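J.: Got a structure for you, questions after.
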Amino acid sequence: MTDQTQDLRELTSVEVELVETHPLPEGVPDALVNKAQLEVGLGVSGTTISNWLRRPDNPLPFEDAGTNGRSYQFRLSVAFAWMKAMRAEEESAKAAGDAATAQLSMALLGGESAAGSSGKMSLSDQRKLIELEALRRVEATNRRELVWMDDVVAAFEAYNETVRDALDALPDKLARALGLEGRDLEKVERVCDDVLEGAESKIGELIDNGESE
């Protein structure tokens, strides 16, 4: 990542609060980065970045949209802080959901409530809940009804990488096989880019739908 400190704008008050809450690791300078650099910096895939940009509520903030052949530009400190805040919100929502489903599971086991009159589950009830959940997961896995989202995302990304490599090599293969050059070769490259973009968009939609269910 190049040093572009001189090009950095002043952060808004909302961004300042976000970055102060989730600062970059010590020693990491702020900078403007493109999408490929942000993937490396945040340790995520291009598909994940695209999904974040398409979020209907609180999408990943960017400095400049990728249009007319230009790549997206992101403020590293803001993107990092946004990711940290987004994941914290997701973990909080998951914890609340886990607590609610635990209450329901215990109620289905036959008690008045999962917590009882004291507001806390007894050790016996907790053990029953854990055993019930473990049994349910084992049976669902054996019937192939339970698929981990991380495994699905990894499979989609591996498939997408294979398609990307094949499409990247296709123009050169067609040029050699059919003698294409100049504008004809450019047309083939544009078609390959469109196909890849459409595939990534569709995969992103499928992943988003799976996470929302």
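J.: What order do you get for V19, V44 when you list them from fewest to most C-beta neighbours inside 10 Å?
T.: Working: V19 19, V44 15.
The fewest-first ordering by Cβ neighbours comes to V44, V19.
J.: Would you mind working out the magnitude of the charge dipole of segment 149-211 relative to its Cα centre, with +1 at each Lys and Arg C-beta and -1 at each Asp and Glu C-beta, to the nearest 20 Debye?
T.: 460 debye
J.: Local charge sum around E10 (other residues, Cβ-Cβ under 15 Å, Lys/Arg +1, Asp/Glu -1)?
T.: After counting each charged neighbour, the total is -4.
J.: Here's something else I'd like to know. If neighbour count is taken as other Cβ atoms inside 10 Å, put T67, T101 in order from fewest to most.
T.: T67, T101
J.: Figure the gain on full extension for E26 and L132 (residue separation times 0.36 nm, minus the Cα-Cα span) and round it to one decimal in nm.
T.: 33.7 nm
J.: Lysines within cross-link reach of K187: Cα-Cα under 26 Å, excluding same-chain residues under 8 positions apart?
T.: Answer for K187, where 26 Å is the Cα cut-off: K35, K173, K202, listed by chain and number.
J.: Now, a different point. Please work out how much length the chain gains when fully extended from R176 to R9, using 0.36 nm per residue of separation minus the C-alpha to C-alpha distance, in nm with one decimal.
T.: 55.4 nm
Rule-based calculations on the coordinates, nothing more; no lab input. For clarity, every value in this text was computed on a predicted model and none was experimentally measured. Please note: Cβ atoms are built from the backbone with ideal geometry, for glycine as well, and neighbour counts cover all protein chains shown.
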